[in-house]
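Working notes for the structure below.
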Amino acid sequence: MTSAVSSGESITLKIDDKDISCRSGETILAVARENNIDIPTLCFMEGLSVWGGCRLCLVEVAGSPKLQAACATVCTEGMNVVTASPRLKEYRKMIVEMLFAERNHVCSVCVSNGHCELQDMAVKLEIDHVRFPYRYPHLQVDNSHDRARMDHNRCILCTRCVRVCAEIEGAHTKDVKGRGVLAAIIHDLDQPWGESETCTSCGKCVNVCPTGALTHRGTAVGEMQKKTDFLPYLTLMRRTES
Amino acid sequence: MPQTITIDGVTRIEGHAKITIQLDDAGKVYDAQFHVTQFRGFEKFVQGRPLTEMPGIMARICGICPVSHLMAAAKACDDILAVQIPPTAEKLRRIMNLAQMIQSHALSFFHLSSPDLLFGMDGDPKQRNIFGLIRDHPDFARDGIMLRKFGQDIIAKLGGKKIHPAWVVPGGVNAPLTEEVQDSILKEVPAAIERIDRALDYFHQIEGRYPAEEDAFANFPTLFAGLVTADGLLEHYHGPLKFVDQDASLVAELSPADQRHYGSLIGEAVEKYSYLKFPYFKPRGYPDGIYRVGPLARLIVAERCGTRRADMELGAFRTRLGRSPQSSFHYHWARLIEILYGIEMIQRLLQFPDILNTHIRARARPNRLEGVGVSEAPRGTLIHHYKIDDNGLIQWANLIIATGHNNLAMNRGVRQVAERFVDGNKLQEGMLNRVEAVIRCFDPCLSCSTHALGQMPLRIELCKADGEVCDVLQRD
């Protein structure tokens with residue numbers, strides 16, 4: 001379920017030249033964050049299953065030719081991890097630039113302007129322009145739901161909404177159709193959201209969405225602020241009660 | 001041989017424009033046109049966007065007067081939501097709208113037009129700009145800059161930022177006024193009134209120096225249109241839309257509720273040579289239905305301003321020029337009177353007992369599928385008209401911008417100036433400047449960036465009928 005399932009056996013590793021001990025089964029991301037080492041993420045969310053889709057948490061692991069997703073890689077004894085290098089920084093910038101180029105992210109008129117994880121990430125990674133040609137796809141806004149709105153123009157396909165709907169609410173109204181740049185979030189059998197029979201209108205998907213893709217209806221530019229604190233509490237309470 | 005002069009690079013009517021002047025065999029002007037050569041496409045690309053985003057998107061039409069578009073868009077959305085916004089929200093919107101008008105008028109008059117008036121239409125272009133103004137008339141320039149700051153600061157204090165504040169939303173505004181902000185604005189009012197008084201005194205000394213320009217700067221009878229209050233006073237936010245003739249006699253009136261049917265009075269013609277539409281007063285047909293909007297039109301349409309000092313100045317204006325002066329040269333004076341009115345009115349609105357009320361937003365879902373918002377932008381009447389689908393997504397939008405209303409008059413004005421001042425085959429800088437200056441009277445958003453530094457980069461070509469360039473006058 002969560003990223004930090006541990007079996008209790010103590011191991012030691014190095015992250016950014018810092019000697020760290022953790023319990024086996026913990027992911028690099030979890031251990032890094034416990035030790036105040038920042039690794040950027042977009043699709044990861046505490047309390048949801050690991051997706052490993054955004055690739056922003058890629059880290060270098062000594063001995064491995066490939067970069068590893070910190071959220072999905074379990075720590076091993078003697079591991080030597082680098083979380084910030086010029087190469088990683090360049091790749092992360094490139095990933096976020098491609099997210100911007102892929103759909104229509106017009107921050108200035110977005111309801112999430114000023115409260116958007118994608119926007120914050122661009123600032124954090126010092127992105128001042130996008131080097132790739134914008135695709136400007138023609139995408140729809142699904143405003144059929146009574147309380148919420150899905151704007152595919154702003155979606156980065158992190159699937160947090162899909163996971164929270166399936167894993168926490170248990171409705172599994174949302175899913176992903178298509179592949180690559182044609183992939184899109186759908187409701188039930190690719191119906192308008194308002195016609196979904198499984199949606200409970202709980203609003204969790206809106207609050208976990210990192211961008212202005214899922215918002216409350218009736219919000220104007222810059223007004224949408226997400227509340228994500230509920231998720232760790234919710235999962236903790238359920239674990240305690242079960 | 002017939003020739004055409006092209007002024008290509010009249011920078012900024014929210015972009016690009018050019019002027020062509022056609023000369024006959026004898027070198028006399030027989031026609032002139034003002035072309036807006038760019039296409040913005042706002043009416044198209046808002047299609048499919050949620051209604052509640054409209055004020056934010058539409059504000060992006062302009063960086064000088066985003067607040068005007070915020071107002072008209074929010075009013076169109078209010079109409080679709082079918083809500084009556086809380087009285088405090090209306091007052092707060094009015095304050096921001098007036099602040100916008102003050103800063104835009106100050107920019108137009110002090111930064112852009114006053115160099116012509118202070119240095120003369122034929123003055124040295126090296127001096128005839130804002131820098132020359134700062135050097136030779138520092139107090140006057142400072143007053144202009146500080147008046148603009150007064151307006152911009154109010155917008156920032158209310159909306160969080162000077163340009164494109166997201167504070168005006170369908171149903172009202174999204175944050176109440178605080179006592180601190182109220183006090184800080186009121187504290188600035190006396191200084192602002194002093195500045196505009198000084199500017200008016202100065203203007204009175206120079207405005208009589210330009211009889212030829214008064215006579216030829218779009219000086220012809222037209223209709224005038226603008227909002228008024230229910231009592232017929234000057235109005236910028238909400239009220240009946242009046243059309244009057246050259247004698248200020250009422251021709252037609254649309255009550256706020258009837259403004260949804262603005263199409264019954266306003267038609268929109270299209271000409272091949274310009275992307276800017278040509279609105280006209282429908283009952284008189286095209287192009288006889290020519291009308292003007294903006295500060296001069298508002299002062300002609302209104303019986304009086306409704307604030308003490310502005311009414312005194314309006315009295316002086318009417319004593320000197322009559323009840324309805326037809327020359328667009330007088331837009332300048334009208335602009336200064338409106339600045340004075342704006343400052344007084346902001347002070348009055350801030351002193352209402354309910355201005356700090358925190359009930360500032362009416363919430364509703366769309367209750368109509370169509371809505372119209374009419375307000376007064378600094379340059380004149382602004383109309384936003386939207387249609388939505390059942391889910392609240394925009395299906396269709398029509399915008400009639402103030403500059404558009406004046407399009408017929410600007411074209412005719414350019415022709416009048418050209419006829420008066422352009423003759424023969426040798427181009428003179430003063431002629432070029434007068435062609436610009438008549439456009440500047442209307443302040444049609446031509447005057448944004450480059451022009452803010454004193455002059456537009458202009459290139460006038462004098463061509464033979466076969467296209468051969470026989471004379472070029474270039475100003476960078």
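Just a few scattered comments:
- Options B:ARG304, B:ARG318, B:ARG298, B:ARG284; residue that is modelled with pLDDT of 95 or more, within 30 Å of B:LEU186 (Cβ to Cβ) and over 19 Å from the mean Cα position of the chain (by Cα): B:ARG304
- The set of residues in the range A:142-175 that are surrounded by 20 or more Cβ atoms within 10 Å (Cβ to Cβ), within 13 Å of chain B (Cβ to nearest Cβ) and within 12 Å of A:ILE186 (Cα to Cα) comprises A:ASP142, A:MET150, A:ASP151.
- Checked against the criterion of being aromatic (Phe, Trp, Tyr), over 19 Å from the mean Cα position of the chain (by Cα) and within 14 Å of chain A (Cβ to nearest Cβ), the candidates B:PHE45, B:PHE119 yield just one match: B:PHE45.
- Within the range A:82-97, being assigned to a helix (DSSP H, G or I) and either over 20 Å from A:ILE15 (Cβ atoms) or without any contact (Cβ under 8 Å) to a residue 40 or more places away in the chain (or both) holds for A:PRO86, A:ARG87, A:LEU88, A:LYS89, A:GLU90, A:TYR91, A:LYS93, A:MET94, A:ILE95, A:VAL96, A:GLU97.
- Boolean, A:GLY114 is outside any loop (DSSP other than H, G, I, E, B), in contact (Cβ under 8 Å) with a residue 24 or more places away in the chain and more than 17 Å from A:THR41 (Cα to Cα): no
- Selection count, the range A:100-124, where residues are within 15 Å of the chain's Cα centre (by Cα) and either within 11 Å of chain B (Cβ to nearest Cβ) or within 16 Å of B:ARG60 (Cβ to Cβ) (or both): 0
- Just one residue in the set A:LEU13, A:LEU42 is surrounded by 14 or more Cβ atoms within 10 Å (Cβ to Cβ), in contact with a helix residue (DSSP H, G or I) (Cβ under 7 Å, 6 or more places away or on another chain) and touching a residue at least 60 places away in the same chain (Cβ under 8 Å); that residue is A:LEU42.
- Within the option set B:ASP153, B:ASP197, B:ASP231, B:ASP183, being acidic (Asp, Glu), away from chain A (no Cβ under 14 Å) and under 30 Å from B:VAL435 (Cα atoms) holds for one residue only, B:ASP197.
- Candidates A:ARG33, A:ARG87, A:ARG55 - the one that is among the basic types (Lys, Arg) and in contact with a helix residue (DSSP H, G or I) (Cβ under 9 Å, 6 or more places away or on another chain): A:ARG55
- Members of the range B:94-122 found to be under 14 Å from B:ILE337 (Cα atoms) and among the aromatic types (Phe, Trp, Tyr), listed by number: B:PHE109, B:PHE110
- A:MET121 being buried (at least 19 other Cβ atoms within 10 Å of the Cβ), in contact (Cβ under 8 Å) with a residue 12 or more places away in the chain and closer than 16 Å to A:CYS54 by Cα: yes
- Criterion (among the basic types (Lys, Arg), surrounded by fewer than 19 Cβ atoms within 10 Å (Cβ to Cβ), more than 14 Å from every other protein chain (Cβ to nearest Cβ) and touching a residue at least 12 places away in the same chain (Cβ under 8 Å)) met by exactly one of A:LYS204, A:LYS227: A:LYS227
- Qualifying position, being crowded, with 18+ Cβ neighbours inside 10 Å and touching a Ser or Thr at 6+ places or on another chain (Cβ under 6 Å), among A:VAL96, A:VAL50, A:VAL81: A:VAL50
- Complete set of residues in the range B:252-298 that are among the aliphatic types (A, V, I, L, M) and in contact (Cβ under 8 Å) with a residue 12 or more places away in the chain: B:ALA252, B:LEU254, B:LEU265, B:ILE266, B:ALA269, B:LEU276, B:ILE290, B:VAL293, B:LEU296, B:ALA297
- Residue in the range B:34-57 that is modelled with pLDDT under 90 and buried (at least 24 other Cβ atoms within 10 Å of the Cβ) present: yes
- Any hit, the range B:105-112, residues being out of contact with any helix residue (DSSP H, G or I) (no Cβ under 7 Å at 6 or more places or on another chain), buried (at least 24 other Cβ atoms within 10 Å of the Cβ) and on the phi < 0 side of the Ramachandran plot: no
- Every pair of residues 6+ apart whose Cβ atoms lie under 7 Å, when the first sits in the range B:211-225 and is among the small types (Gly, Ala, Ser) while the second is outside any helix (DSSP H, G or I): B:ALA218/B:SER327; B:ALA225/B:LEU241; B:ALA225/B:LYS242; B:ALA225/B:PHE243; B:ALA225/B:TYR291; B:ALA225/B:VAL293; B:ALA225/B:THR381
- Scanning the range B:221-244 for residues that are surrounded by fewer than 16 Cβ atoms within 10 Å (Cβ to Cβ) and more than 25 Å from B:HIS69 (Cα to Cα) gives B:PRO221, B:ASP231.
- Residues (over 9 Å from B:ALA99 (Cβ atoms) and surrounded by fewer than 23 Cβ atoms within 10 Å (Cβ to Cβ)) located in the range B:145-156: B:ILE145, B:MET146, B:ARG148, B:LYS149, B:ALA156
The values are calculated or read from the model by the stated rules, or taken from the named source; none is laboratory data. Everything quoted here is computed from the prediction, not taken from an experiment. Neighbour counts run over all protein chains shown; Cβ positions are idealised from the backbone, glycine included.
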